[in-house]
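The values are calculated or read from the model by the stated rules, or taken from the named source; none is laboratory data. Computed from a predicted model, the values in this text were never measured in an experiment. All Cβ positions, glycine included, derive from the backbone under ideal geometry; neighbour counts span all protein chains shown.
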């Protein structure tokens with residue numbers, strides 16, 4: 001379904017703003033993302049409210065810890081009925097495998113791994129993260145580790161979609177860093193437009209501020225759907 005291609009990021013700590021977005025997108029959009037900002041502000045009750053409005057939910061918490069801790073955390077989060085949950089691929093194969101085992105105790109939702117943040121540049125990868133490989137090599141390697149661990153897909157920038165699909169079959173690519181024409185890049189560095197991402201084979205695109213901070217959020221969302229249709 002074309003609506004499932006666009007996941008709206010509902011990032012806020014303001015309950016009134018969140019309620020306004022829920023009402024605005026209810027019956028219009030089908031998929032939303034709840035990240036750390038909103039989840040830590042409102043907790044599981046927010047997810048229950050979103051489910052009552054028939055939204056599919058991507059819970060974007062980027063878990064990254066020792067395998068035992070991530071296993072227990074994913075077991076707990078699996079009870080919440082979300083459709084997609086993610087961990088950090090940098091935690092390694094053992095951690096991702098433990099995450100999946102814990103998640104599967106209560107959920108058949110998708111479990112995916114973050115490769116590199118869309119705010120990360122090649123310079124930061126080398127100079128701050130001390131990774132000598134290129135961004136493409138690092139993202140693909142992390143994606144291959146996630147596939148080996150049994151995960152359903154990865155979070156990557158739209159610039160790596162084709163690379164991943166060329167090397168890994170039947171794998172979800174969830175892509176932040178999507179900016180419609182004339183939208184600000186904000187803190188995203190590796191970005192494409194919605195239609196460019198679709199042409200490269202994007203499974204789901206996550207779009208937040210260009211929709212939620214526009215003067216007419218619902219219409220902006222519908223315009224993006226029309227563009228990628």
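Consider the stretch 32-50 and keep the residues that are in contact with a strand residue (DSSP E or B) (Cβ under 7 Å, 6 or more places away or on another chain) and in a helix (DSSP H, G or I). The one that is surrounded by the fewest Cβ atoms within 10 Å (Cβ to Cβ) is 36. Could you tell me whether residue 159 is under 19 Å from the mean Cα position of the chain (by Cα), surrounded by 14 or more Cβ atoms within 10 Å (Cβ to Cβ) and at pLDDT 95 or above? So residue 159 does not fit the description; no. So is residue 107 more than 19 Å from residue 9 (Cα to Cα), surrounded by fewer than 23 Cβ atoms within 10 Å (Cβ to Cβ) and touching a strand residue (DSSP E or B) at 6+ places or on another chain (Cβ under 9 Å) or not? Spelling it out, residue 107 is indeed more than 19 Å from residue 9 (Cα to Cα), surrounded by fewer than 23 Cβ atoms within 10 Å (Cβ to Cβ) and touching a strand residue (DSSP E or B) at 6+ places or on another chain (Cβ under 9 Å). Residues in the stretch 5-31 that are under 13 Å from residue 212 (Cα atoms), outside any strand (DSSP E or B) and in contact (Cβ under 8 Å) with a residue 12 or more places away in the chain: 10, 11, 12, 18, 21, 22, 24, 25, 29.
The single condition among (1) within 16 Å of the chain's Cα centre (by Cα); (2) farther than 30 Å from residue 102 by Cβ; (3) modelled with pLDDT of 95 or more that residue 166 does not satisfy is (1). Within the stretch 51-79, the residues that satisfy the criterion of being surrounded by fewer than 19 Cβ atoms within 10 Å (Cβ to Cβ) and assigned to a loop (DSSP other than H, G, I, E, B) are 53, 54, 64, 65, 66. The set of residues in the stretch 180-212 being within 16 Å of the chain's Cα centre (by Cα), farther than 28 Å from residue 144 by Cβ and modelled with pLDDT under 90 is empty. Restricting to the stretch 197-227, count the residues that are surrounded by fewer than 17 Cβ atoms within 10 Å (Cβ to Cβ) and in contact with a helix residue (DSSP H, G or I) (Cβ under 8 Å, 6 or more places away or on another chain). The number of residues fulfilling the criteria is 5. Kindly indicate whether residue 46 is more than 21 Å from residue 172 (Cα to Cα), in contact (Cβ under 8 Å) with a residue 12 or more places away in the chain and touching a helix residue (DSSP H, G or I) at 6+ places or on another chain (Cβ under 7 Å). In short, yes.
In contact with a helix residue (DSSP H, G or I) (Cβ under 6 Å, 6 or more places away or on another chain), crowded, with 20+ Cβ neighbours inside 10 Å, modelled with pLDDT of 95 or more and within 24 Å of residue 156 (Cβ to Cβ): does that describe residue 82? Here the answer is no, as residue 82 does not meet what is asked.
Is there a residue in the stretch 149-156 that is over 30 Å from residue 199 (Cα atoms) and either modelled with pLDDT of 95 or more or assigned to a loop (DSSP other than H, G, I, E, B) (or both)? No, the stretch 149-156 has no match at all. Going through (1) in a loop (DSSP other than H, G, I, E, B); (2) more than 30 Å from residue 133 (Cβ to Cβ); (3) under 17 Å from the mean Cα position of the chain (by Cα) one by one, residue 116 falls short only on (2).
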